[in-house]
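*Asks:* Attaching a single structure in structure tokens format; questions to follow.
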Amino acid sequence: MKIGISGAQSVGKTTLLNALRSEKCFWGYSIRNEVTRGVKALGISINEAGSDISQQLIMKEHIYNLVMFDNMITDRTSLDGLVYTKWLRDQGKVSEDCFIEAINVFKKTVGMYDHLFYIAPEFPIEDDGVRSASEQWQNEIVDIFEDTILEFGLKVVRVSGSVRERVNIILKTIGEIE
């Protein structure tokens with residue numbers, strides 16, 4: 001089963017992913033941490049300073065995760081890649097060709113997720129030194145997520161509440177609890 005967790009920066013995706021690690025039904029799953037941090041570790045700008053290179057590397061990692069792992073949970077998806085690439089394109093920071101590539105990757109891969117979960121902001125942003133702490137940027141990204149979900153008629157499950165409540169929503173959705 002392939003499970004994707006999507007949402008703007010600093011909404012709790014990694015925290016949720018880490019909580020899912022301890023659930024027995026996910027033992028043996030490949031837990032794929034956010035790919036954006038790996039891109040930054042290569043010395044490539046991310047967040048509001050992203051570029052064609054950052055976005056292409058991120059989208060390729062989404063493809064890799066989907067192709068290489070049968071049972072996988074990831075805290076970013078090709079939906080995220082498309083949303084952030086759209087924002088960067090609208091700011092003139094990535095090319096139209098990069099944006100078209102992101103659309104194509106998204107269209108070819110989004111259906112490969114058995115379950116796609118979406119987290120909207122509920123808590124104040126905590127600055128982790130990697131992801132942007134800008135609330136304005138987070139709000140702009142959330143708007144693009146909402147528009148993209150509607151535009152493509154995506155069947156996402158919205159998760160909210162405490163970490164335990166979020167875990168329970170996922171467990172219920174995949175049929176592990178009633």
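The values are calculated or read from the model by the stated rules, or taken from the named source; none is laboratory data. Since the structure is predicted, the reported quantities are computational estimates derived from the model, not experimental observations. Please note: Cβ atoms are built from the backbone with ideal geometry, for glycine as well, and neighbour counts cover all protein chains shown. The area values use the complete protein model at the heavy-atom level, side chains included, leaving out ligands, DNA and RNA. Shrake-Rupley method; radii C 1.70, N 1.55, O 1.52, S 1.80 Å.
*Asks:* Which of the trypsin sites (Lys or Arg not before Pro) found in the stretch 103-174 are loop residues per DSSP with 12 or fewer other Cβ atoms within 10 Å of their Cβ?
*Replies:* Answer in residue order: K155.
*Asks:* Which parts of the stretch 16-52 would a label at D127 reach, counting a residue when its backbone N lies under 20 Å from a point 7 Å out along Cα-to-Cβ?
*Replies:* What the label zone holds, given the 20 Å backbone N cut-off, is 37, 40-41, 45-50.
*Asks:* Any chance you could give the angle, 0 to 90 degrees and rounded to 10, that helix 78-90 forms with the longest Cα principal axis of the chain?
*Replies:* That works out to roughly 20 degrees.
*Asks:* Want the number for V142 to N104: 0.36 nm per residue separation, take away the alpha-carbon distance, what's left?
*Replies:* Between V142 and N104, full extension yields an extra 11.6 nm.
*Asks:* Could you give the angle, 0 to 90 degrees to the nearest 10, between helix 96-109's Cα long axis and the longest principal axis of the Cα atoms of the chain?
*Replies:* 20
*Asks:* Now, a different point. Quick one: which of K40/K155; K40/K107; K2/K60; K24/K108 span more than 27 angstrom between C-alpha atoms?
*Replies:* K40/K155; K24/K108
*Asks:* Roughly how many debye, to the nearest 20, is the charge dipole of the stretch 79-130 about its Cα centre, given +1 on each Lys and Arg Cβ, -1 on each Asp and Glu Cβ, and no other charges?
*Replies:* Dipole magnitude for the stretch 79-130 comes out near 340 debye.
*Asks:* Tell me, what % of the accessible area of the stretch 12-148 is carbon and sulfur with a 1.4 angstrom probe?
*Replies:* Carbon plus sulfur share of accessible area: 51 percent.
*Asks:* Let me ask something else. Taking 0.36 nm per intervening residue step and subtracting the Cα-Cα distance, what contour gain separates A49 from D114 on full extension?
*Replies:* 20.2 nm is the gain from fully extending A49 to D114.
*Asks:* Turning to a different aspect of this structure: How large is the direction-averaged shadow of the alpha-carbon convex hull of the stretch 1-92, in nm²?
*Replies:* 5.8
*Asks:* Quickly estimate the mean residue ellipticity at 222 nm for the chain, helices only: each DSSP H run with n ≥ 4 gives -39500 (n - 2.57), and the total goes over all residues, rounded to 500.
*Replies:* My calculation for the chain gives -15500 deg cm²/dmol from helical runs alone.
*Asks:* Return the loop-located chymotrypsin sites (Phe, Trp or Tyr not before Pro) in the stretch 122-178 (DSSP other than H, G, I, E, B) with at most 16 other Cβ atoms within 10 Å of their own Cβ; answer none if there are none.
*Replies:* Answer by residue number: F152.
*Asks:* Work out the length of the dipole vector of the chain about its Cα centre, built from +1 on the beta-carbon of each Lys and Arg and -1 on the beta-carbon of each Asp and Glu, and round it to the nearest 20 debye.
*Replies:* 580
*Asks:* May I pose another question? Treating each Cα of the stretch 78-164 as an identical point scatterer and ignoring solvent, apply the Debye formula and state log10 I(q)/I(0) at q = 0.11, 0.20, 0.24, 0.25 Å⁻¹.
*Replies:* Calculated log10 I(q)/I(0) at the listed q: -0.34, -1.09, -1.33, -1.37.
*Asks:* State to the nearest 20 debye the size of the charge dipole of the stretch 1-73 about its Cα centre, where the only charges are +1 on K and R beta carbons and -1 on D and E beta carbons.
*Replies:* 200
*Asks:* Considering only F26, Y84, G4, whose Cα is most displaced toward the positive end of the charge dipole of the stretch 1-125, charges sitting on Cβ of Lys, Arg (+1) and Asp, Glu (-1)?
*Replies:* Farthest along the dipole direction, towards plus: F26.
*Asks:* Would you please give the FRET efficiency between R37 and V163, computed as 1/(1 + (r/R0)^6) with r the Cβ-Cβ distance and R0 = 25 Å, to the nearest 0.05? Intermediate values should be presented prior to the final figure.
*Replies:* Working: r = 20 Å, r/R0 = 0.80.
That gives a FRET efficiency of 0.80.
*Asks:* Two decimals is fine: what is log10 I(q)/I(0) at q = 0.15, 0.17 Å⁻¹ for the chain, from a Debye sum with one equal scatterer on every Cα and no solvent?
*Replies:* Rounded to two decimals, the profile gives -0.82, -1.08.
*Asks:* Then there's this: Relative to the first principal axis of the alpha-carbon coordinates of the chain, what is the inclination of helix 135-151, with its axis defined by its Cα atoms, in degrees from 0 to 90 and to the nearest 10?
*Replies:* 70
*Asks:* Express the relative contact order of the stretch 28-166 as a whole percentage, based on alpha carbon pairs under 8 Å and six or more residues apart in sequence.
*Replies:* It comes to 24 percent, rounded to a whole number.
*Asks:* Mind jotting down a quarter of the surface of the convex hull over the alpha carbons of the stretch 22-73, in square nanometres, one decimal?
*Replies:* 4.3
*Asks:* Same structure again: May I ask you to list the chymotrypsin sites (Phe, Trp or Tyr not before Pro) in the stretch 1-98 that are in a DSSP loop and have at most 12 other Cβ atoms within 10 Å of their Cβ? Can you show the working numbers first?
*Replies:* Numbers: sites: F26, W27, Y29, Y64, F69, Y84, W87; in loops: W27, Y29, F69.
Those that pass, being in a loop and sparsely packed, are W27.
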